[in-house]
Structures are given as structure tokens and as C-alpha cells.
Amino acid sequence: MDVIHAAGSALMSRGGFLLCPAALIPDVTGIDVYQAAYRAARHQHTVFIGIERDTNRWNVKADTLTARPHPTLDDHTHHAVHRAVTQLINSREIRSDSLAGSVYFVLYGVTTEHRARQLAAALHAATRRPPAPAAQLQTD
């Protein structure tokens, strides 16, 4: 079951943190746009999250180093995100060179902008304090 939509189509509050709905995930295609969005996230001390067009596919990028205090993922959440990314790779929904690191996440080769936004919203939710359920990254 795909529960990514749980990130919501409107802002939701979880433990005092606002989760970013898929529709509001920024398109950071282009180096100037990407750098501006990254600088803004760092300046605002928030997790950087964005999608970018790559030829006929989309990439999802998230970086927690821009947030203060640095929101390290607990072991349970990190393992759940890693399992979800592995599942997305195994189902060929994202490319095999995608990464679920401890602070940086990149999902390459998402087929549609809509799906990229859903995955980005789920990653954003997973990197929040307290984290939203990592099950939001599950595939269909």
C-alpha cells in the first residue's frame, strides 16, 4: 500500500513541526535555482528538500546538514528509510545509484514529477523531529 500521501495535501502539524505537502516541494532544476534553494534552507536552518528535472525523469534530493539543530535520524527511522529506498530500487521505481545516507538522500530516475514530489514529501517527513512514520516511503 502506498501511504506517501500521508504527508498530506495541506500543511499538517506533527509534534510542533510543519510537514511540507507534495505540492509545495520546490523544483530546484538548474544550478542557480538549486544553489539559491540550498542557501535559503541553510539560512532558515531547515532540511533542504527539492526535486529536479533530469532529461525525461526526476530526481529527489534531501540534505539534513542545512538544519539546526542537526536532525540526525534515529536508527529505527534510518533503517526504515534505507529499506524503503532499497524497495524502490528493487521495484525499478528509482535507479540503483540512489542513496539513503545518514544526512543526504538522493533518489534518481523517478518517472513523474508528481511521484517525485510524493517521495520528497515523505523524505521531508522522515527527517523531521520527531520523525513522521518512515513507512510513508513504501511503494504501491
*Can you find even one residue in segment 131-139 that is surrounded by fewer than 17 Cβ atoms within 10 Å (Cβ to Cβ), assigned to a helix (DSSP H, G or I) and modelled with pLDDT under 90?*
yes
*asked:* Taking the condition of being over 12 Å from VAL60 (Cβ atoms), out of contact with any Gly (no Cβ under 9 Å at 6 or more places or on another chain) and not β-branched (Val, Ile, Thr), how many residues in segment 97-113 meet it?
replied: 2
_Whichever residue in segment 20-60 is under 14 Å from LEU123 (Cα atoms) and either touching a Leu at 6+ places or on another chain (Cβ under 7 Å) or of a type outside the set (A, V, I, L, M, F, W, C) (or both) and, among such residues, is modelled with the lowest pLDDT_ = PRO21
*Identify the residue in segment 41-64 that is among the polar types (S, T, N, Q) and not in a loop (DSSP other than H, G, I, E, B) and, among all such residues, is nearest to VAL28 (Cα to Cα).*
ASN59
*asked:* Take the residues in segment 56-97 that are under 23 Å from ARG42 (Cα atoms) and small (Gly, Ala, Ser); name whichever of them is surrounded by the fewest Cβ atoms within 10 Å (Cβ to Cβ).
replied: ALA67
*Please go through segment 32-81 and pick out each residue that is basic (Lys, Arg) and within 16 Å of LEU119 (Cβ to Cβ).*
ARG53, ARG57, LYS61
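The values are calculated or read from the model by the stated rules, or taken from the named source; none is laboratory data. Since the model is a prediction, treat every value here as computed from it, not as a measurement. Neighbour counts are summed over all protein chains in view; Cβ atoms, including those assigned to glycine, are modelled from backbone coordinates with ideal geometry.
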